[in-house]
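Q: Got a structure here, written out as structure tokens. Questions coming.
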Amino acid sequence: MHQITGAKPDFENLKHVLMGGRGWRVPNVELVIDGAIKAQIMGKPVVSVADDLEFRRYAGYDYAWVSIGMVDPAGTVNKELVDAAVDRHYAGEDGRVWAAEHEGRIYSEADLEQFPWPNPATLDYSPFLDTPLPEGMKFIAILGKIFTATWELLGYEQFCLDMCMRPDFLKTLVKRVGDTQLAVFERVAHMDSVGAVWVPDDIAYHTGLMAPPDWLREHVFSYYRQMAEVCRALDKPFIYHSDGDLWSFLDTILDTGFNALHPIEPESMDIYAVREYVGKRICLMGNIRVHTLASGTPDEIQALVRDRIEHIGYDGAYCVGSSNSVPDYVPVENYMAMLKASAEYGAVPGAAGSWV
């Protein structure tokens, strides 16, 4: 089965673009693609890592990702330990669940010690080690979530209260999370099958940060700075994901050493203004509005993708993708319209297989 792009997977091209370069084509990137979307496209459930590699190769991606570490400590992906109320706006096939804001799992020192912390030495790393990779593809390791994991374990309200009333307890908790994530990172970053590391850790709303910037710099991004140094030494891209308005924190993201920023949510930041500010010091990923993918026409989506590719992507340091994820309420024909537009317009004029 060939890629929609008609081209072979080329992780080296993706890597070059993530590092701020201009590749021979503008790559596709995506974090979460709902399983129902994948199944519709492939005509079968996409369950295993091998299945996802097959899907990603067909859809025109140069990688598949595998998550490791404390990615989902509150169970919002695994549908455990959270309220199972279905949001009234999105009644999906299964009940949509959200991280609890009012309560968490850790309230005391005893809770902290009794929590089933993962042991980095005994986690299952076999997907990275035992799964054959198609030629030209690599894994991207998804890990991190130091800030998100911390507040989810407490509940966001309690996190805010503890910042004021129990700062030492909060410091102990975030250190436990950060140390765990760093230990897992140090194992996967050195694996030959891993071509890049992607940290999804939302720190912002549409209107600003969810925590004080100094606290984030001291307790969260100090860990990401250590990870960035390792990735730099290994010559592997280090990618950061956060929705929301990151304007006040862009300099910190740059200074930390991230190579790429996802997803440049259009409701929060103008990608052209961001590009003007950061230049190609950091690769910009995404920005194809999820609302347009969900409710627009294929022609509208094609025009949006073409605009981003021609006005940003051809200069380098940009990857096509949604402004968050591809949920199951996106019509599959609209998702395919994004991929097909990327295939049609993605070849960089004059590049002819070379890098700049």
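The values are calculated or read from the model by the stated rules, or taken from the named source; none is laboratory data. Everything quoted here is computed from the prediction, not taken from an experiment. Here the Cβ positions follow ideal geometry from the backbone for every residue, glycine too, while neighbour counts run over all protein chains shown. Heavy atoms of the whole protein, side chains included, go into the accessibility calculation; ligands, DNA and RNA do not. Shrake-Rupley method; radii C 1.70, N 1.55, O 1.52, S 1.80 Å.
Q: Quick test for you: out of Asp124, Asp72, pick the one residue that is within 27 Å of Val194 (Cβ to Cβ), modelled with pLDDT under 65 and among the acidic types (Asp, Glu). Give the steps one after another, and end with the answer.
A: On the way: Asp124 fails: modelled with pLDDT under 65.
Only one candidate qualifies: Asp72.
Residues are listed down the side, and each one gets a yes or a no for (1) under 20 Å from Ile203 (Cα atoms); (2) among the charged types (D, E, K, R); (3) without any contact (Cβ under 8 Å) to a residue 24 or more places away in the chain; (4) touching a strand residue (DSSP E or B) at 6+ places or on another chain (Cβ under 6 Å):
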{"site": "Thr252", "(1), (2), (3), (4)": "yes, no, no, no"}
{"site": "Thr256", "(1), (2), (3), (4)": "yes, no, no, no"}
{"site": "Asn259", "(1), (2), (3), (4)": "yes, no, no, yes"}
{"site": "His262", "(1), (2), (3), (4)": "yes, no, no, yes"}
{"site": "Asp270", "(1), (2), (3), (4)": "yes, yes, yes, no"}
{"site": "Arg281", "(1), (2), (3), (4)": "no, yes, no, no"}
{"site": "Pro298", "(1), (2), (3), (4)": "no, no, no, no"}
{"site": "Ile301", "(1), (2), (3), (4)": "no, no, no, no"}
{"site": "Tyr318", "(1), (2), (3), (4)": "no, no, no, yes"}
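Q: Could you tell me whether Tyr314 is of a type in the set (Ser, Thr, Tyr), open to solvent by 10 Å² or more (accessible area, probe 1.4 Å) and not in a loop (DSSP other than H, G, I, E, B)? Give the steps one after another, and end with the answer.
A: Values: of a type in the set (Ser, Thr, Tyr): yes; open to solvent by 10 Å² or more (accessible area, probe 1.4 Å): yes; not in a loop (DSSP other than H, G, I, E, B): yes.
When the stated conditions are applied, Tyr314 passes them.
Q: Here is a further query. Being under 15 Å from Thr252 (Cα atoms) and open to solvent by 40 Å² or more (accessible area, probe 1.4 Å) is the filter here, so list the residues in segment 189-208 that pass it.
A: Within segment 189-208, just Asp202 meets the criteria.
Q: State all residues of segment 142-188 that are closer than 16 Å to Tyr107 by Cβ, surrounded by fewer than 23 Cβ atoms within 10 Å (Cβ to Cβ) and of a type in the set (Asp, Glu); if no residue qualifies, say none.
A: The answer is Glu157, Asp162, Asp168.
Q: Which of the residues belonging to segment 317-350 are part of a helix (DSSP H, G or I) and open to solvent by less than 40 Å² (accessible area, probe 1.4 Å)?
A: Going residue by residue through segment 317-350, those that are part of a helix (DSSP H, G or I) are 332-345.
Once the filter is applied, which keeps residues that are part of a helix (DSSP H, G or I) and open to solvent by less than 40 Å² (accessible area, probe 1.4 Å), segment 317-350 yields Val332, Asn334, Tyr335, Met336, Ala337, Met338, Leu339, Ala341, Ser342, Ala343, Tyr345.
Q: Which count do you get for residues in segment 43-69 that are part of a helix (DSSP H, G or I), closer than 19 Å to Ala341 by Cα and out of contact with any Leu (no Cβ under 8 Å at 6 or more places or on another chain)? Reasoning before the result, please.
A: The initial filter retains those residues of segment 43-69 that are part of a helix (DSSP H, G or I), namely 49-59.
Subset that is closer than 19 Å to Ala341 by Cα: 55-59.
Checking the rest, the ones that are also out of contact with any Leu (no Cβ under 8 Å at 6 or more places or on another chain) come to 55-58.
Residues in segment 43-69 being part of a helix (DSSP H, G or I), closer than 19 Å to Ala341 by Cα and out of contact with any Leu (no Cβ under 8 Å at 6 or more places or on another chain): 4 in total.
Q: Name the residue that is surrounded by the fewest Cβ atoms within 10 Å (Cβ to Cβ), counting only residues in segment 34-46 that are touching a helix residue (DSSP H, G or I) at 6+ places or on another chain (Cβ under 8 Å) and of a type outside the set (Lys, Arg).
A: Taking the candidates together, the pick is Pro45.
Q: Please go through segment 16-33 and give me each residue that is outside any strand (DSSP E or B), open to solvent by less than 40 Å² (accessible area, probe 1.4 Å) and either closer than 18 Å to Lys340 by Cα or out of contact with any helix residue (DSSP H, G or I) (no Cβ under 6 Å at 6 or more places or on another chain) (or both), ordered by number. Spell out the reasoning first.
A: Of all residues in segment 16-33, those outside any strand (DSSP E or B) come to 16-24, 26-27, 29-32.
If we keep only those that are open to solvent by less than 40 Å² (accessible area, probe 1.4 Å) too, we end up with 17-18, 20-21, 23, 26-27, 29-31.
If the condition is that a residue be outside any strand (DSSP E or B), open to solvent by less than 40 Å² (accessible area, probe 1.4 Å) and either closer than 18 Å to Lys340 by Cα or out of contact with any helix residue (DSSP H, G or I) (no Cβ under 6 Å at 6 or more places or on another chain) (or both), then Val17, Leu18, Gly20, Gly21, Val26, Pro27, Val29, Glu30, Leu31 are the ones that fit.
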